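The values are calculated or read from the model by the stated rules, or taken from the named source; none is laboratory data. All values derive from a computational prediction rather than experimental measurement. In this analysis, Cβ positions are derived from the backbone assuming ideal geometry, glycine residues included, and neighbour counts consider all displayed protein chains. Surface accessibility is based on the protein's heavy atoms, side chains included, excluding ligands, DNA and RNA. Shrake-Rupley method; radii C 1.70, N 1.55, O 1.52, S 1.80 Å.
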Amino acid sequence: MTNDTVLEVKNLKTYFFLDDNKVAKAVDGVDFSVRRGETVALVGESGSGKSITSLSIMQLINRPGRIVDGAVHFNGKNLLDMSDKQMASIRGNDIAMIFQEPMTALNPVFTIGNQIIEVLRKHKKMTKKQARKRAIELLKMVGFPRAEETVDEYPHQLSGGMRQRAMIAIAISCEPKLLIADEPTTALDVTIQSQILDLMMEMKEKFNMSLVLITHDLGVVAEYADRVMVMYGGQIVETSDKRTLFKHPKHPYTNGLLESLPSVDKEEERLGMIKGIVPPAHNFPKGCRFSSRCPKVMKKCFESNPELEEIEFEHSVRCYLYTDTDKEANHDSSQTKERSKS
Ligand code: ADP
Ligand code: MG
């Protein structure tokens, strides 16, 4: 963990223990880190394990789900070792989260102001008066022109976009080091989406936060991310800086996602949609988890799941197209080779 690492997730495994002894491996050995001031995008189709990854970081996994392995280092401490009380003092304070649907994240019976005040009073020991003043400042900051009135309004009095602005005000109220935004604009009109994302980036700069941006939309990644983790079947299948990922994608799944991006010069959207569906997490294929849909599938892809391997500096991919095929195909002969080398 280097000095500028804010978050380091190591071998995270979160499983759901279902009826009939089925185990859904929603997150199955995820590693990544987030550096200071950086925006890391987690991208993948619905069901690939993005939300469960973020909820695991926040320790918000409920039965039948359980974190079965791994570590989540934040500020030099493993969050997975912390008590509920310690976690409660970190959540909303050092790490904040924004969800897809602001109406479910906001409490409908409290005013916007009271919800900000509650967070400030819990973590920052402010008086009611100080917290109310700060709440109004925060609402102004996130774009409420009549913040003195909005502070006393209820969530249902706001539009979807304005509710998400209010969520952002709550999330940044304690100036967290890390903000996790899970599909923050998916429920919003397209015209509002970029306003909300721009606001998040503005706040990120202002408070020097790091951002984990969860999205199924590579268009959002292209515009806002520094680094990208492509998730599939509860695992990272490719990771690199954004430019490399868009210029030199390696994994057939990444390629499929890129082909399904709407482009300016094409009439149809979603041209090359990846065929088939994400396999259910309790029933992944035996080999590579993408093998059932992969246009470049090979025999060995049905036999074992490849490891995530660094193929260039800070560019890793989980795919047999890029790993030493000889070694993988026949374990015994590779051992012989090893021996004859020495
Ligand atoms: P994403 O956010 O990428 O759409 P999720 O992280 O929500 O995906 O879910 C990943 C997988 O975890 C799902 O496909 C599902 O199989 C499993 N899962 C999530 N929540 C539950 C749950 N409460 N019970 C059982 N399985 C779950
Ligand atoms: Mg999700």
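What part of the accessible area of the chain, given as a whole %, is carbon or sulfur when the probe is 1.4 angstrom?
Carbon plus sulfur share of accessible area: 48 percent.
Given labels modelled 7 Å from the Cα in the Cβ direction, how far is it in nm from S194 to Q130?
Here the modelled spin labels are 4.1 nm apart.
Using a basic spin-label model with each label point 7 Å from the Cα along Cα→Cβ, how many nm lie between S46 and N3?
Distance between label points: 4.6 nm.
Helix-derived [θ] at 222 nm for the chain: sum -39500 (n - 2.57) over DSSP H runs of at least 4, divide by residue count, nearest 500?
Calculated from helices alone, the mean residue ellipticity at 222 nm is -10000 deg cm²/dmol.
Give the accessible surface of the stretch 105-173 per residue, rounded to a whole number of Å², with probe radius 1.4 Å and ligands, DNA and RNA excluded.
Here the residues of the stretch 105-173 average 50 Å² of exposed surface.
In Å², and per residue, what accessible area does the stretch 182-322 have when probed at 1.4 Å with the other protein chains present?
50 Å²
Separation between the F302 and E223 pseudo-spin-labels, each 7 Å from Cα along Cα→Cβ, expressed in nm?
With each label placed 7 Å out from Cα toward Cβ, I get 4.3 nm.
Taking the Cα centre of the chain as origin and charging only Cβ (+1 Lys, Arg; -1 Asp, Glu), how large is the dipole, in debye to the nearest 20?
For this selection, approximately 980 debye.
Which one, M82, Q115, N62, projects farthest toward the positive side of the charge dipole computed for the stretch 1-152 from Cβ point charges (K/R +1, D/E -1)?
Toward the positive end, the furthest listed residue is Q115.
Provide Rg over Rh for the chain; use the alpha carbon set for both Rg and the Kirkwood Rh (inverse mean inverse pair distance).
That ratio equals 1.01.
Amide H of V278: which non-local residues (sequence gap of 5 or more, or other chain) have their own amide H closer than 5 Å, using H built in the peptide plane?
Residues meeting the amide H criterion: none.
Relative to a virtual label point 7 Å from the Cα of E314 in the Cα→beta-carbon direction, which members of the stretch 170-211 show backbone nitrogen distances below 15 Å?
Residues 211 qualify, since their backbone N sits under 15 Å from the label point.
Assuming R0 = 41 Å, what is the FRET efficiency of E149 and A71, from their Cβ-Cβ distance, to the nearest 0.05?
My answer for the efficiency is 0.35.
Calculate the FRET efficiency for K247 and F110 from the Cβ-Cβ distance with a Förster distance of 41 Å, rounded to the nearest 0.05.
That pair, K247 with F110, gives E of 0.30.
For the stretch 46-111 and the stretch 162-206, what is the separation of their Cα centres, given in Å?
Centre-to-centre (Cα) distance: 17 Å.
Placing +1 on the Cβ of each Lys and Arg and -1 on the Cβ of each Asp and Glu in the chain, which of I236, H251, T104 has its Cα farthest towards the positive end of the resulting dipole?
Positive-end residue among those listed: T104.
Using modelled backbone amide H atoms (1.01 Å from N, in-plane), which distant-in-sequence or interchain residues come within less than 5 Å of G92's amide H?
M97
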